[in-house]
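The values are calculated or read from the model by the stated rules, or taken from the named source; none is laboratory data. Since this is a predicted model, take the numbers as computed values, not measurements. Neighbour counts run over all protein chains shown; Cβ positions are idealised from the backbone, glycine included.
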Amino acid sequence: MANGFPQMTNILRLSDIEGGPNSGDILCSIEDIEVGGAKEFSYRSGIEIHDIFIQRQEGQVFAYVNVCPHAGMPLNMEQGQFMEKSGRYLMCHTHGALFQLEDGLCVAGPCNGARLQSVSIRLEAGKIIVD
């Protein structure tokens with residue numbers, strides 16, 4: 001725990017979710033996500049719901065579980081809106097925490113030093129694929 005917040009260093013493998021997609025399944029095309037935009041997915045396993053998002057920045061994609069480590073709330077208030085105004089950081093819209101896009105590290109806000117939980121995906125030939 002850093003600053004009293006759990007470190008979400010484990011990586012969520014969607015193929016480990018009962019009823020989730022299999023390794024190698026295509027989630028979407030990179031072209032399905034606007035540059036600077038995000039696409040959300042939700043998977044249910046029994047009573048558990050796994051909400052994730054994929055954020056696109058130019059030709060790269062980054063995937064995280066849509067839960068702020070501070071209060072356990074979704075990061076976004078509007079569908080597909082995870083970045084702050086400058087487009088440099090992911091932002092929790094509940095309390096304004098800022099997270100580095102590349103690794104999910106909180107660099108400002110009440111959960112400073114905590115991390116978002118990443119989701120294991122890969123980008124091949126323009127397709128976003130479950131690892």
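When the range 58-73 is filtered for residues that are over 18 Å from R88 (Cα atoms), assigned to a loop (DSSP other than H, G, I, E, B) and touching a strand residue (DSSP E or B) at 6+ places or on another chain (Cβ under 6 Å), only P69 remains. Being in contact with a Ser or Thr (Cβ under 7 Å, 6 or more places away or on another chain), at pLDDT 95 or above and among the aromatic types (F, W, Y) is a description that applies to Y64. Starting from residues that are surrounded by fewer than 16 Cβ atoms within 10 Å (Cβ to Cβ) and modelled with pLDDT of 90 or more, keep the ones in the range 6-16 and report whichever is nearest to the chain's Cα centre (by Cα). Among them, the one singled out is I11. Might you let me know whether the range 72-88 holds any residue that is of a type in the set (F, W, Y), surrounded by 14 or more Cβ atoms within 10 Å (Cβ to Cβ) and farther than 18 Å from N10 by Cα? Looking through the range 72-88, at least one residue is of a type in the set (F, W, Y), surrounded by 14 or more Cβ atoms within 10 Å (Cβ to Cβ) and farther than 18 Å from N10 by Cα. For the list (1) of a type in the set (S, T, N, Q); (2) surrounded by 17 or more Cβ atoms within 10 Å (Cβ to Cβ); (3) in a loop (DSSP other than H, G, I, E, B), I need the number of the one condition that Q55 fails. The one condition Q55 does not meet is (3). For the range 29-46, filtered to residues that are assigned to a strand (DSSP E or B) and over 15 Å from the mean Cα position of the chain (by Cα), the residue that is farthest from F62 (Cα to Cα) is S45. Pick out the one residue from R44, R122 that is in contact with a strand residue (DSSP E or B) (Cβ under 9 Å, 6 or more places away or on another chain), among the basic types (K, R), exposed (fewer than 14 other Cβ atoms within 10 Å of the Cβ) and within 18 Å of I11 (Cβ to Cβ). Selected residue: R122, the only one of R44, R122 that is in contact with a strand residue (DSSP E or B) (Cβ under 9 Å, 6 or more places away or on another chain), among the basic types (K, R), exposed (fewer than 14 other Cβ atoms within 10 Å of the Cβ) and within 18 Å of I11 (Cβ to Cβ).
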